[in-house]
1. Looking only at the stretch A:134-177, which residues are over 20 Å from the mean Cα position of the chain (by Cα) and basic (Lys, Arg)?
2. Take B:ALA7 and tell me if it is in contact (Cβ under 8 Å) with a residue 12 or more places away in the chain, over 25 Å from B:MET112 (Cβ atoms), within 14 Å of chain A (Cβ to nearest Cβ) and surrounded by 15 or more Cβ atoms within 10 Å (Cβ to Cβ).
3. Test each condition in (1) without any contact (Cβ under 8 Å) to a residue 12 or more places away in the chain; (2) among the basic types (Lys, Arg); (3) closer than 22 Å to B:LEU31 by Cβ for B:ARG134 and report the one that comes out false.
4. So which of A:ILE375, A:ILE366 ends up being in contact with a Gly (Cβ under 7 Å, 6 or more places away or on another chain) and crowded, with 19+ Cβ neighbours inside 10 Å?
5. I'm checking my understanding of the structure. Among residues of the stretch A:1-59 that are in contact with a Ser or Thr (Cβ under 6 Å, 6 or more places away or on another chain) and not in a helix (DSSP H, G or I), which one is nearest to A:LEU342 (Cα to Cα)?
6. Kindly provide the set of residues from the stretch B:76-105 that are in contact with a Gly (Cβ under 6 Å, 6 or more places away or on another chain) and in contact (Cβ under 8 Å) with a residue 40 or more places away in the chain, ordered by number.
7. Could you tell me which of the residues B:LEU31, B:LEU43 is assigned by TED's automatic domain parsing to the domain that holds B:ALA164, among the aliphatic types (A, V, I, L, M) and touching a Ser or Thr at 6+ places or on another chain (Cβ under 9 Å)?
8. Which residues, counting only those in the stretch A:68-111, are aliphatic (A, V, I, L, M) and in a loop (DSSP other than H, G, I, E, B)?
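The values are calculated or read from the model by the stated rules, or taken from the named source; none is laboratory data. What you see is a predicted model; the values in this text were computed from it and never measured. Note: ideal-geometry Cβ built from the backbone for every residue, glycine included; neighbour counts use all protein chains shown.
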Amino acid sequence: MNERFEIPGSLKRTSMILLGIGIVTLVLGIALLLGGDSYDKTRFWAVLLHNSVFFTLITTASVFIQAASSLAQGGWIVAYRRVPEAIGANVWLFGLIAAIVMFLIVFVFRIDGKNPIYEWVTPGNDAALMHKKPFLNPGMFVGLTLVTVGLWAFFGWKFRALSIAQESAPKNNAKIYWTFFRLSGVFLLIYALTQMSTTPWMWIMSVQPHWYSTMFSWYTWASAFVSGMSLILLWVVYLKNQGKLELVTKEHIHDLGKFMFAFTIFWTYVWFCQYMLIWYANIPEETVAFKLRQQGPYSIIFYANFIINFIMPFLILMARPSKRNYFTVTFIAMLIIFGHWLDFYQMIMPGPLGEHWHLGWFEMGIFAGFVGILIFSVSRTLASASLVAQNNILLKETIIHIS
Amino acid sequence: MAIKKFAVACYDDEAVLFPAVAKVRHSGYKLHDIYTPFAVHGLDNAMGHKESDLHIAGFIFGLCGTSTAVGFISWILTGDWPINFGGKPHFALPAWIPITFELTVLFAAVGMTMTFCYLNQIMPGVKKHVFHPRQSDDYFVMAVELNEHVNENDVVNFLKETGAKETSVQIAEDSWWYGRFDKTEPYQLLGQ
């Protein structure tokens with residue numbers, strides 16, 4: 001079995017070109033935007049925040065899917081489990097970038113003594129912000145961010161290390177399997193307390209500190225998870241095209257497609273629940289967020305978001321043959337990743353930028369740069385170990401898997 | 001609805017059943033159906049059934065549910081009996097989404113269940129012939145249809161060669177009927 005992945009020159013070149021575009025865009029951004037007016041400066045930092053947080057969350061979704069399937073004792077994932085492992089092992093990189101960007105925004109970025117992105121850093125005598133101060137303050141922000149990113153990165157690294165340790169363990173030895181099982185429970189608890197509740201409030205929702213929604217973290221999680229699954233699928237299809245991952249059959253692709261389909265609906269469900277409760281209650285301090293997004297300058301993104309992230313994947317992936325077709329699943333996976341990138345865009349931008357938003361060279365360039373980092377780091381990690389989890393005790397289960 | 005003659009073979013092992021199914025299909029005898037005590041994965045493929053179109057029926061039922069809900073609510077709340085709920089517009093689509101969703105699911109689920117029952121000929125109170133009482137216990141029971149083109153003894157001997165534990169020839173109703181087993185079933189056991 002051809003189980004070793006050597007990074008093809010074309011992939012390396014692509015990642016280098018994307019990375020180059022990202023660096024050039026960053027340099028141009030520093031020159032053009034940081035020297036511009038206050039909205040240009042805000043745009044510079046907001047775009048960095050948007051992309052680094054988005055990529056941190058979608059890579060962490062890979063750690064989550066490993067933990068969830070391990071706790072459910074699912075065997076089907078074993079055929080391609082080196083892919084989520086490799087993505088999860090690189091959470092530290094994106095987490096580090098996100099933490100640096102956010103700390104710079106919190107501590108360095110000021111315009112006229114005010115912080116235009118995280119308004120709560122400089123609350124003045126705003127009663128509402130003073131009331132939220134026990135949660136929204138720089139000390140808490142730094143502490144929670146470091147703990148969150150540190151734990152995610154640790155588990156991402158640990159899961160891969162355990163899986164590789166299984167290769168040299170005696171055959172059918174379940175010791176590592178049960179260690180992994182227990183650690184998965186711990187990780188899910190941590191994940192529930194960070195990604196699914198506090199972290200998105202702190203990182204994203206607090207760009208509009210007067211607005212709040214208790215469903216916000218669920219909504220962010222659904223977004224991150226469905227794009228994380230799409231990311232895994234893109235890597236699996238890529239490796240399949242390279243002639244690797246022989247154990248992956250149409251049945252596995254079908255199940256990945258089902259995950260994308262199901263969590264597209266879940267995302268819509270949560271998105272709509274948040275929207276409808278706020279619409280129905282009609283409380284001014286809650287509706288202000290949707291006023292800006294739905295009827296204000298962002299309405300085009302608001303509706304595009306709904307069409308790209310719900311209607312298209314829903315209608316296209318509904319039929320069984322389209323979930324088993326490499327072209328349609330790849331197309332939808334790319335669409336979902338772009339759509340949820342747009343979703344994160346409209347979570348973050350309306351607060352600091354208002355009507356002065358752009359979706360131009362800087363946004364796309366930084367996105368390309370992050371994609372370059374992702375391809376570069378994940379392909380290196382993939383190449384560092386066997387692509388088949390040879391000695392995994394669920395290997396047989398994954399070979400005979402029927403979706 | 002027809003009374004037909006069947007050769008019946010009982011197997012006690014999946015590993016024997018699958019090659020037997022392949023042999024019967026290869027030989028050209030007409031496979032009527034196979035009755036198993038539990039769902040056997042891959043048996044539908046082995047028998048040559050194509051993918052079911054049940055989900056297309058489900059999609060159509062779902063669309064019926066969606067249009068029923070949206071049509072009915074919008075007729076009530078904008079035409080027949082408009083009510084002012086907290087100053088919301090009469091055509092308040094977000095508020096209707098939950099009901100639309102529920103009716104879509106309800107129509108799709110109920111419609112698919114009934115289609116499934118119809119296609120498989122099962123319904124409360126409706127009877128189907130039981131080829132062997134142990135088909136719900138530990139036997140995989142295969143019924144092969146006999147007609148004027150095949151020799152009864154050839155088929156039975158062929159089935160025995162494929163590893164059947166028990167064989168028999170029966171004249172029975174091939175589809176469903178409403179009534180009682182003891183009074184209305186036109187069943188004859190011809191040979192063991």
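1. Of everything in the stretch A:134-177, those that are over 20 Å from the mean Cα position of the chain (by Cα) and basic (Lys, Arg) turn out to be A:LYS171, A:LYS175.
2. It is false that B:ALA7 is in contact (Cβ under 8 Å) with a residue 12 or more places away in the chain, over 25 Å from B:MET112 (Cβ atoms), within 14 Å of chain A (Cβ to nearest Cβ) and surrounded by 15 or more Cβ atoms within 10 Å (Cβ to Cβ).
3. Result: B:ARG134 passes all but (1).
4. Numbers: A:ILE375 fails: in contact with a Gly (Cβ under 7 Å, 6 or more places away or on another chain).
Criteria check complete, one pass: A:ILE366.
5. Only one residue tops the list, namely A:ILE7.
6. Residues of the stretch B:76-105 in contact with a Gly (Cβ under 6 Å, 6 or more places away or on another chain): B:103-104.
Within the stretch B:76-105, just B:THR104 meets the criteria.
7. Numbers: B:LEU31 fails: touching a Ser or Thr at 6+ places or on another chain (Cβ under 9 Å).
B:LEU43 is the lone residue from the list that is assigned by TED's automatic domain parsing to the domain that holds B:ALA164, among the aliphatic types (A, V, I, L, M) and touching a Ser or Thr at 6+ places or on another chain (Cβ under 9 Å).
8. So in the stretch A:68-111, the residues aliphatic (A, V, I, L, M) come out as A:68, A:71-72, A:77-79, A:83, A:86-87, A:89, A:91, A:93, A:96-102, A:104-106, A:108, A:111.
Correct list: A:ALA72, A:ALA89, A:VAL108.
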